[in-house]
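Notes for the one structure printed next.
The values are calculated or read from the model by the stated rules, or taken from the named source; none is laboratory data. Predicted model, so just to flag it, every value in this text is computed and none were measured. With ideal geometry, Cβ positions are generated from the backbone for all residues, glycine too; neighbour counts draw on all protein chains shown.
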Amino acid sequence: MKVAVLAKEVPDLEAQVKVAGGGTSLDIEKRRVLNFFDEIAVEAALKLKESAGAETYAVSAGAGVDALRRALAMGIPGAFHIEDPALADAGPLTVARALAAFVQKEGFDLVLAGKQATDDEAGLVGPMVAELLGVPCVVGIVSLEASDGSVRVSRHTDTGVEVVDLPLPAVVTAEKGLYEPRVPAVTGVMKAMKAKIEKSSLADLGVEAEPGPKVLGYQPPAKRSAIKMIPGEPAEAASQLVQLLRDEAKAL
C-alpha cells in the first residue's frame, strides 16, 4: 500500500496575529508549524507503516517545507513539495488540483489528510482531492484499519458511530482522537533537517493556478466587556444575576 499524507504548513496557534494596513492585511508572527490535524494524519500513516508495511510519504503544496520536515522527523521516510510562486495567492481548488495531479502521477493508494487546517478552518482540500480523483472519501475519521485492497474507518455522527469499508484508492481525513501524534526524537529532527525533499512545480503537473477568494478586509474581534462579579450568598447572587440578564444584557 502506498500512502500519501497531505501536510499543510500553518501559523503556530500561539503566534501573534494583528490586523494591519487599516484592515487590508494581517501581520502574523513568523512561527510556522505542521497543521494540528495533519499531524494526526501523519501518525495514522506511521501506524500503517508499522502494522501493514505501508510505503508512506508526506506531500505539501505551497509554503510547506517546515511542515514536511516535521513529518520526516516523526518518521515518514520521504517527502514531496509542490513549490510554485502562483500558489501564494491560489485558492483551495488550485491546491487540490495540484495535490490530486501529484497523487495520480505517483500512484498512491490511500491519501490521508487532516480534517481541516487551523488557519482557515475550511476543510475543503481533502474532499476536493477525492472528487478530482473520482475516489471515495470519508471525513473526520476516528479509527483506521487496513486490509487487502481496502480500509475500514469509523467516524462519529449525531446518532452514533458510523463504520465504513472503503475500496482503495480512497481519501480519508483525520479527526482529533484518531491517534495521539508522537513527539519526534532529537535524532529524527536532525535527520529531517538534512533530508532531501523532492520538488515539483505546477507546470510539471499540468496545473494552472487560479486566484483564490478575494478578502474584502479584516477586523479584530470586538473587545469583551468587563467581568462583573456578583457577591453574596448563592440564592441572592442568582436572583441578582437573573435581574442583570433581563435588564442589562437583555438576554431574557
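Of note:
- Applying the criterion of being touching a residue at least 24 places away in the same chain (Cβ under 8 Å) and surrounded by fewer than 17 Cβ atoms within 10 Å (Cβ to Cβ) to the residues of the stretch 21-32, the residue that is farthest from residue 98 (Cα to Cα) is 23.
- Among the residues making up the stretch 92-141, those that are farther than 19 Å from residue 169 by Cα, of a type outside the set (A, V, I, L, M, F, W, C) and surrounded by fewer than 16 Cβ atoms within 10 Å (Cβ to Cβ) are 119, 120, 121.
- Test: residue in the stretch 33-44 that is aliphatic (A, V, I, L, M), surrounded by fewer than 18 Cβ atoms within 10 Å (Cβ to Cβ) and part of a helix (DSSP H, G or I): no
- Residue satisfying all of: in the stretch 115-141; touching a residue at least 24 places away in the same chain (Cβ under 8 Å) and small (Gly, Ala, Ser); farthest from residue 45 (Cα to Cα) among these: 122
- Filtered residues of the stretch 70-90 (kept if buried (at least 16 other Cβ atoms within 10 Å of the Cβ), closer than 17 Å to residue 206 by Cα and out of contact with any Ser or Thr (no Cβ under 6 Å at 6 or more places or on another chain)): 80, 83, 86, 87, 90
- First in the stretch 142-153 and within 9 Å of residue 167 (Cα to Cα), second anywhere and among the charged types (D, E, K, R) and not in a strand (DSSP E or B), Cβ under 9 Å, 6 or more apart: 149/109
- Some residue of the stretch 56-69 being among the basic types (Lys, Arg) and modelled with pLDDT under 95: no
- Residue that is farthest from residue 143 (Cα to Cα) [pool: residues in the stretch 21-49 that are over 19 Å from the mean Cα position of the chain (by Cα) and among the acidic types (Asp, Glu)]: 27
- Segments classed as helices (runs of 4 or more DSSP H), wholly inside the stretch 185-250, with at least 2 members that are surrounded by fewer than 12 Cβ atoms within 10 Å (Cβ to Cβ): 186-194, 234-247
- Beta carbons closer than 7 Å, at least 6 apart along the sequence or on distinct chains, pair a first residue in the stretch 40-69 that is assigned by TED's automatic domain parsing to the domain that holds residue 83 and under 29 Å from residue 204 (Cα atoms) with a second that is aromatic (Phe, Trp, Tyr) and part of a helix (DSSP H, G or I) for 59/102.
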